[in-house]
Ligand code: MSP
């Protein structure tokens with residue numbers, strides 16, 4: 001039987017500054033899903049990368065006194081490194097400045113034009129450079145962008161417009177989303193998108209006269225392609241550039257909730273207009289907040305993923321950020337929260353359990369009974385992972401860990417040893433060893449390094465701390 005394909009993407013990150021934990025969040029979740037599918041034998045392709053054009057990057061480059069290309073070339077390795085230190089195993093790292101991609105963007109604009117979905121119009125609006133999009137007066141809070149806390153600038157120019165209203169009506173985009181033929185998740189986000197479509201769509205300006213740093217607009221060298229159109233196309237052009245076999249459509253676009261409209265409305269509309277298949281699902285997660293405020297480079301309240309990895313290790317960071325709150329919702333995160341869970345659930349929980357069981361097996365000279373039953377509740381964990389309920393999957397795993405602790409407390413192997421009840425002692429410790437092997441499988445997509453170490457320890461019976469105690473400042 002041929003392998004099932006699973007093509008999953010993260011957003012491509014703006015390289016106007018170094019990455020923060022909010023960026024790492026989507027990549028970690030994508031990696032957990034990718035590893036889960038790989039373990040199930042699927043043919044997985046995980047794409048991530050960087051969004052390198054547009055006014056926001058050009059401004060940041062100017063401030064740094066560098067040419068945009070030189071500026072992004074300097075930052076991209078830092079983004080790649082964050083994936084590396086967090087063990088995010090992507091298949092390709094996509095850069096929108098790849099000339100092959102630029103040609104595909106131009107080709108798609110050409111197709112939109114040939115199909116009659118482009119029109120040149122005069123436009124005036126309020127533009128937020130932080131968001132790289134036009135905002136309406138209703139979007140503003142006290143005259144400022146609520147995400148970036150900056151006032152938008154008035155832009156007036158002649159642009160090419162993508163006829164979103166026309167294609168959405170012709171192909172019934174609303175119906176496609178409502179029927180889940182094109183799935184938007186979680187349900188709250190789906191309803192939000194449906195509500196906004198119902199309230200009325202507007203055509204989208206997809207070129208910029210005032211922005212030089214971008215893909216040249218085909219047929220009009222004075223304009224560049226709107227950075228969001230350039231960026232969305234990455235998901236498609238990657239399949240042409242990197243993969244021989246057919247992998248389009250994407251099975252899952254993982255994104256943050258702030259970029260839902262682009263992925264759930266503009267992107268499918270573009271694909272419908274050029275006659276390509278739609279992605280199967282777009283899932284929007286919530287935000288990391290710090291004291292209730294979105295963690296963001298512009299606001300300046302960010303946590304550095306590499307620093308956290310240095311303090312807690314990659315697996316602990318991966319674990320805590322997916323464990324802390326449901327993936328679709330917002331949640332507060334801080335170093336203290338990570339430290340607390342590290343101590344309670346990793347060092348005192350899993351780490352302690354593994355070392356306790358292995359020490360007792362050694363102390364009482366137990367030969368593990370191979371026949372002893374394996375724990376088989378994997379199905380429930382798998383279901384949670386597939387529904388992107390990572391926190392629930394980890395709660396279940398923790399329950400298995402606690403129940404192993406309980407087995408120790410109830411059976412008191414040290415007393416069985418004192419009584420000379422070797423049969424029961426072997427049964428209990430073999431059972432615990434098997435339970436740990438199962439737990440080891442469950443944690444593999446979440447904590448690959450720990451799982452590898454734990455597997456080795458269960459085989460060699462040489463315990464080493466999986467989660468060393470944290471040094472207190
Ligand atoms: N370049 C665009 C995406 C183009 S995809 C075709 C972009 N880049 S971004 O760098 O600003 O954001 C990338 C992702 O990081 C988004 O999904 C965004 O939601 C996510 N996050 C940024 N800050 C975040 C938090 N504080 N918390 C969680 N995710 C956050 O948008």
(message) Taking the criterion of being part of a helix (DSSP H, G or I), under 22 Å from residue 85 (Cα atoms), more than 12 Å from the ligand (Cβ to nearest atom) and more than 18 Å from the chain's Cα centre (by Cα), would at least one residue in the range 312-331 satisfy it?
(response) yes
(request) Mind listing just one residue for me: the one in the range 254-296 that is modelled with pLDDT under 95 and over 18 Å from the mean Cα position of the chain (by Cα) and, of those, nearest to residue 90 (Cα to Cα)? (result) 290
(request) Return the residue satisfying two criteria in turn: it lies in the range 204-223 and is away from the ligand (no atom under 16 Å from the Cβ) and outside any loop (DSSP other than H, G, I, E, B), and of such residues it is surrounded by the fewest Cβ atoms within 10 Å (Cβ to Cβ). (result) 216
(message) Cβ-Cβ under 7 Å, sequence separation 6+ or interchain: first residue in the range 254-265 and over 21 Å from residue 295 (Cβ atoms), partner more than 6 Å from the ligand (Cβ to nearest atom) and not in a helix (DSSP H, G or I). Which pairs?
(response) 264/184; 264/282
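Quick check on this structure: which one of 94, 45 is crowded, with 22+ Cβ neighbours inside 10 Å, part of a strand (DSSP E or B), more than 16 Å from the ligand (Cβ to nearest atom) and touching a residue at least 60 places away in the same chain (Cβ under 8 Å)? Before the answer, list the steps.
Numbers: 94 fails: more than 16 Å from the ligand (Cβ to nearest atom).
One residue alone meets the criteria, 45.
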(request) Please find, among 30, 58, the residue that is under 25 Å from the mean Cα position of the chain (by Cα), at pLDDT 95 or above and assigned to a helix (DSSP H, G or I). (result) 30
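If you go through the range 132-149, how many residues are under 23 Å from residue 164 (Cα atoms) and either free of Cβ contacts under 8 Å to residues at least 24 places away in the same chain or touching a strand residue (DSSP E or B) at 6+ places or on another chain (Cβ under 6 Å) (or both)?
Within the range 132-149, the first condition is being under 23 Å from residue 164 (Cα atoms), and the residues that meet it are 132-139.
Now restrict to residues that are either free of Cβ contacts under 8 Å to residues at least 24 places away in the same chain or touching a strand residue (DSSP E or B) at 6+ places or on another chain (Cβ under 6 Å) (or both): 134-139.
Of the residues in the range 132-149, 6 are under 23 Å from residue 164 (Cα atoms) and either free of Cβ contacts under 8 Å to residues at least 24 places away in the same chain or touching a strand residue (DSSP E or B) at 6+ places or on another chain (Cβ under 6 Å) (or both).
Go through the residues of the range 68-83 one by one and say whether even a single one is assigned to a strand (DSSP E or B), touching a residue at least 24 places away in the same chain (Cβ under 8 Å) and surrounded by 21 or more Cβ atoms within 10 Å (Cβ to Cβ). It would help to see each step written out before you state the result.
Pass one, the range 68-83, residues assigned to a strand (DSSP E or B): none.
No, the range 68-83 has no match at all.
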(request) Go through the residues of the range 285-301 one by one and say whether even a single one is touching a residue at least 24 places away in the same chain (Cβ under 8 Å), buried (at least 18 other Cβ atoms within 10 Å of the Cβ) and under 26 Å from residue 441 (Cβ atoms). (result) yes
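Restricting attention to the range 275-291, and to residues there that are assigned to a loop (DSSP other than H, G, I, E, B) and under 21 Å from residue 146 (Cα atoms), which single residue is nearest to the ligand (Cβ to nearest atom)? Before the answer, list the steps.
Filtering the range 275-291 down to residues assigned to a loop (DSSP other than H, G, I, E, B) leaves 275-280, 286-287, 291.
Subsequent filtering for residues that are under 21 Å from residue 146 (Cα atoms) retains 286-287, 291.
Numbers: 286: 7, 287: 4, 291: 12 Å.
For the range 275-291, the residue satisfying everything is 287.
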(message) Report every pair of residues separated by at least 6 positions or lying on different chains whose Cβ atoms are under 6 Å apart, first residue within the range 164-185 and within 16 Å of residue 284 (Cα to Cα), second assigned to a loop (DSSP other than H, G, I, E, B) and modelled with pLDDT of 95 or more.
(response) 182/278
(message) Checking the structure you have, find out if any residue of the range 233-240 is more than 8 Å from the ligand (Cβ to nearest atom), closer than 18 Å to residue 196 by Cβ and either touching a residue at least 60 places away in the same chain (Cβ under 8 Å) or not in a helix (DSSP H, G or I) (or both).
(response) no
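For the range 241-274, name all the residues that are part of a helix (DSSP H, G or I), away from the ligand (no atom under 15 Å from the Cβ) and surrounded by fewer than 19 Cβ atoms within 10 Å (Cβ to Cβ). Reasoning before the result, please.
Taking the range 241-274 as the starting set, the residues that turn out to be part of a helix (DSSP H, G or I) are 241, 257-273.
Then drop every residue that is not away from the ligand (no atom under 15 Å from the Cβ), which leaves 241, 272-273.
Result: 241, single match.
Every residue, every condition in (1) part of a loop (DSSP other than H, G, I, E, B); (2) at pLDDT below 95; (3) touching a strand residue (DSSP E or B) at 6+ places or on another chain (Cβ under 8 Å), yes or no:
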position	(1), (2), (3)
353	no, no, no
366	yes, yes, no
393	no, no, no
410	no, no, no
434	no, yes, no
446	yes, no, no
(message) Looking for something out of contact with any strand residue (DSSP E or B) (no Cβ under 8 Å at 6 or more places or on another chain), without any contact (Cβ under 8 Å) to a residue 24 or more places away in the chain and surrounded by fewer than 22 Cβ atoms within 10 Å (Cβ to Cβ) - is there at least one such residue anywhere in the range 12-33?
(response) no
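The values are calculated or read from the model by the stated rules, or taken from the named source; none is laboratory data. What you see is a predicted model, and the numbers here were worked out from it, not measured in a lab. Virtual Cβ from ideal backbone geometry, glycine too; neighbours counted across all protein chains shown.
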